1. How big is chain B in terms of Cα radius of gyration and Dmax, in angstroms?
2. Using θ = phi - 60° and the Karplus relation 6.51 cos²θ - 1.76 cosθ + 1.60, list the HN-Hα couplings for the stretch A:90-102 in order, rounded to whole Hz, with x at every Gly or Pro.
3. Can you tell which of A:143, A:16, A:169 shows the greatest fluctuation in a Gaussian network model of chain A with Cα springs below 10 Å?
4. Which percent, nearest 5, of DSSP beta bridges in chain A are antiparallel?
5. Hey, can you grab everything whose amide H is under 5 Å from the amide H of residue A:108? Only 5+ residues off in sequence or another chain; H modelled, so Pro and N-termini drop out.
6. Once the Cβ-Cβ distance between residue B:31 and residue A:87 is put in as r, and R0 is 41 Å, what FRET efficiency do you end up with, to the nearest 0.05?
7. Using the beta-carbon distance between residue A:65 and residue A:237 and R0 = 25 Å, what value does 1/(1 + (r/R0)^6) give for FRET efficiency, to the nearest 0.05?
8. Counting partner chain Cβ atoms within 10 Å of every residue's Cβ in B:4-17, what's the average?
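Values quoted throughout were computed directly from the atomic coordinates according to the rules given, and no laboratory measurement underlies them. Just so it is clear, the model here is predicted, and its values are computed rather than measured. A quick note on method: Cβ atoms are made from the backbone with ideal geometry, for glycine too, and the neighbour counts reach across all protein chains shown.
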Amino acid sequence: MPYIDPHIHMVSRTTDDYARMAQAGCVAITEPAFWAGYDRSSPKGFYDYFRQLTEYEPARAAQFNIRHHCWLCINPKEAEDPGFAREVMTLIPEFLDRPNVLGIGEIGLNKNSKNELTIFEEHLGLAQQLDQLILIHTPHLEDKLKGTRLIIDAIKRNTNLDPGRILIDHVEEHTAKLVLDNGFWAGMTLYPDTKCTPQRAADIIEMYGTERLWINSAGDWGISDPLSVPKCRVEMKRRGHTDETIETISYRNPLTFLSQSSKFSTHG
Amino acid sequence: MSRYAIDCPATKSQVVDLYFMEHRAKLLDIAAFLDRYDRAPADDEGHRGGAAGEDFRVAALRKALRILREDGPERARRIQEHFSDMTEQPIEKAPMQGALGVPPVSRT
Ligand SMILES: [Zn+2]
């Protein structure tokens, strides 16, 4: 059964990971622009990063018949300096027409600060002006609930963006309903230890259903697992879920949301 | 009709067979962590915040254990909320990039 990992940071992973993902059934991925584990010293660092996301990674993925797509932005961890963030944002439009770019992401909040919120709202404006799909990062741990509320408020207050074209990621037990009830798509990110496990993701699916919900690994430079989507499928199967439910959550739903961009494809 | 979107396909005894050992071990992990915390010597300059000099994260963990013991649905959601910053306004400036798992005492 093929699967899509709609949120994974392959620039931080080895080519061996691509091989193992392909063996496990991965046919397509999407990679949001994010923090590199350190702050870049100049906007030029982002220019090179955007080239990596649009030139080098698609070629590396293609060796394993995995279609690579990406999202562009300056992430909230590096948005505390608005002048710097705005300079990076001026680089985005020239990359948006590249064949694997799906939209703006992962924008959002990290510590729920005023500057993060300002830069988030400016990204929403850019997405609205250029009619782009949006992928949103919600803060982790103690900051998640407050950040998710601020994000939803900001979208409703400042834009007339269609919630069906926005995915709000990293939902957990206390934020899934809030995101889904407001008409957005919701992503669940599976982590090996500190956050949502495959067992709890399966619980959330049982509580809220499969509509507008997907799972991803958010594999990156930290402790994370690029095979967590297939592991969650095994967990659901072990519990007795049908192949149809499993396919909906790990393939059909990401296919439906992402196909709103004509650039998304699962064919090598 | 179930109050949930999809009925858990496993029966109660199947749920126990699948998960009991794993969660028995996780409970022992919590017990051993609290024992370890009790055995550890005090810090030179006192702990970060919290009642009676206790680390605010451990104090929050002990409170979460009380939620575990209560009956009623959605214990996971209630514990998540207990560990959340419940203030509503954005903060002035991000003090760091990471998170601690529990809000600072001023924002509980
Ligand atoms: Zn990410």
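1. Computed over the Cα atoms of chain B, radius of gyration and Dmax are 18.1, 58 Å.
2. 5, 7, 5, x, 5, 8, 5, 7, 5, x, 10, 8, 9
3. A:16
4. 0
5. Amide H neighbours of residue A:108: A:137.
6. 0.20
7. 0.55
8. Taking all residues of B:4-17 together, the mean is 4.
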